[in-house]
Amino acid sequence: MSVTKPNQVWCTDITYIRIKRGFLYLVAIMDWHRKVLSWRLSNTMDTRFCIETLDETLETYGTPEIFNTDQGSQFTSFDFTNVLKDHGIKISMDGKGHWMDNVFIERLWRSLKYKCVYLNAFENGNQARNQIGSWIRHYNETRPHSTFAGQTPDEVYRGAKNFEGHASHMEEKAA
């Protein structure tokens, strides 16, 4: 399959964020054009915060053709999959233990952790939320990506520039 336009394929995942007295859980929804569309922190890994993030993203950006997740309980739940089905979105799930199936968001987590989380000892959820929010804004708005000829995810998502080789490169990464 060739991914050639924004809102064609979205992906999501959850990662943990250490704070002084425990952990928070971060869910993000990302377009395969690398833009982080929305994210949310929670002190529990319940399905509700994932659905709220999905609802917010659908309201803001419309509907993708395909939504890719891992097989975590939040994403395989009836409540979560029903939101996707109700919007006519095709559901794609990674194979068990195949993190490369969702490589874009896994790379986002790596960058976020090495460039933000590990450099800050978050005292609490508010501090984590502020620092992560700043980093995600930087990632979307000002951080150039070599994959996109130096464009930011916002520029690519908006279609500010058209460049060749984009679709084939995304196909390679997805394969």
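From the residues in segment 61-92 that are in contact with a strand residue (DSSP E or B) (Cβ under 7 Å, 6 or more places away or on another chain) and β-branched (Val, Ile, Thr), which one is nearest to Trp10 (Cα to Cα)?
Ile66
With the condition kept exactly as written, say whether any residue in segment 149-162 is assigned to a loop (DSSP other than H, G, I, E, B), modelled with pLDDT under 80 and either over 15 Å from Arg34 (Cβ atoms) or out of contact with any strand residue (DSSP E or B) (no Cβ under 8 Å at 6 or more places or on another chain) (or both). Reasoning before the result, please.
First, pick out the residues of segment 149-162 that are assigned to a loop (DSSP other than H, G, I, E, B): 149-150, 152, 159-162.
Right, trim to modelled with pLDDT under 80 and you get 160-162.
Within this subset, residues satisfying the condition of being either over 15 Å from Arg34 (Cβ atoms) or out of contact with any strand residue (DSSP E or B) (no Cβ under 8 Å at 6 or more places or on another chain) (or both) are 162.
Yes, some residue in segment 149-162 is assigned to a loop (DSSP other than H, G, I, E, B), modelled with pLDDT under 80 and either over 15 Å from Arg34 (Cβ atoms) or out of contact with any strand residue (DSSP E or B) (no Cβ under 8 Å at 6 or more places or on another chain) (or both).
Just checking, which of Lys113, Lys85 is basic (Lys, Arg) and touching a residue at least 24 places away in the same chain (Cβ under 8 Å)? Spell out the reasoning first.
Details: Lys85 fails: touching a residue at least 24 places away in the same chain (Cβ under 8 Å).
Checking each option against the conditions leaves just Lys113.
Counting only residues that are surrounded by fewer than 18 Cβ atoms within 10 Å (Cβ to Cβ) and not charged (D, E, K, R), which one in segment 20-34 is nearest to the chain's Cα centre (by Cα)?
From segment 20-34, those surrounded by fewer than 18 Cβ atoms within 10 Å (Cβ to Cβ) are 20-23; that's our starting set.
In the following step, the residues that additionally are not charged (D, E, K, R) were identified as 22-23.
Numbers: Gly22: 23, Phe23: 19 Å.
Among those that are surrounded by fewer than 18 Cβ atoms within 10 Å (Cβ to Cβ) and not charged (D, E, K, R), it is Phe23.
Read through the list (1) closer than 16 Å to Ser111 by Cα; (2) assigned to a loop (DSSP other than H, G, I, E, B), then give the number of the only condition that Thr44 fails.
Answer for Thr44: the failing condition is (1).
Condition check: polar (S, T, N, Q), buried (at least 16 other Cβ atoms within 10 Å of the Cβ), in contact (Cβ under 8 Å) with a residue 60 or more places away in the chain and in contact with a Cys (Cβ under 8 Å, 6 or more places away or on another chain). Does Thr69 satisfy that?
No.
The values are calculated or read from the model by the stated rules, or taken from the named source; none is laboratory data. Computed from a predicted structure; not experimentally measured. Cβ coordinates were reconstructed from backbone atoms using ideal geometry, including for glycine residues, and neighbour counts include every protein chain displayed.
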